[in-house]
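As structure tokens, the structure follows; a few thoughts come after it.
The values are calculated or read from the model by the stated rules, or taken from the named source; none is laboratory data. What you are looking at is a predicted structure, and each value in this text was computed from that prediction instead of being measured. Here the Cβ is made from the backbone with ideal geometry for all residues, glycine too, and neighbour counts use every protein chain on show. Please note that ligands, DNA and RNA were not included when accessible areas were found on the heavy atoms of the full protein model with its side chains. Shrake-Rupley method; radii C 1.70, N 1.55, O 1.52, S 1.80 Å.
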Amino acid sequence: MKPLLCDSGPLIATFNDRDREYARCSRLLAEWQGQLIIPEPVLAEVCGFLRNNVRNGPILEVQFLEALNSKDGDFEIVSPESEDRVRAFQETRFRAVGLRGWNRAGDGRAAEDPRHRDC
């Protein structure tokens, strides 16, 4: 069975029956045959979104955390490692600077994509 990397969107939709993707996401997560991989930062994002943006959010947040603590289902919560943070920084820098065509010299030439230096 394949693992599924789960971002905040499907988790938020699953715990918010007013979400337009509620049925689809609930079905996907309930029927997935492999393990769900949930990055730890996603937990904070889901909790914060439910608490601050959804009717009865604090109650839904508690239900979400209870589901995680019940250990029902096949999922793993993974913590980012230092390589993940470096990669996130590089991607963010590229999007902020590279897409605007800036480079270190500031002369308007297209910036080099740091992800493809070895090509």
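Some notes on this structure:
- Qualifying residue in the range 92-108 (condition: among the β-branched types (Val, Ile, Thr), open to solvent by 50 Å² or more (accessible area, probe 1.4 Å) and either part of a helix (DSSP H, G or I) or at pLDDT 90 or above (or both)): yes
- Residues in the range 1-43 that are closer than 26 Å to residue 79 by Cβ, assigned to a helix (DSSP H, G or I) and either β-branched (Val, Ile, Thr) or over 10 Å from the mean Cα position of the chain (by Cα) (or both): 12, 13, 14, 25, 28, 29, 30, 42.
- Inter-residue pairs, beta-carbon under 6 Å, first modelled with pLDDT under 90 and in the range 78-91, second in a helix (DSSP H, G or I) and open to solvent by less than 50 Å² (accessible area, probe 1.4 Å), 6+ apart: 90/114
- Of all residue pairs spaced 6 or more apart or on separate chains, those with beta-carbon atoms under 9 Å, a first member in the range 31-59 that is in contact (Cβ under 8 Å) with a residue 24 or more places away in the chain and open to solvent by less than 20 Å² (accessible area, probe 1.4 Å) and a second member that is of a type in the set (A, V, I, L, M) and assigned to a loop (DSSP other than H, G, I, E, B) are 34/1.
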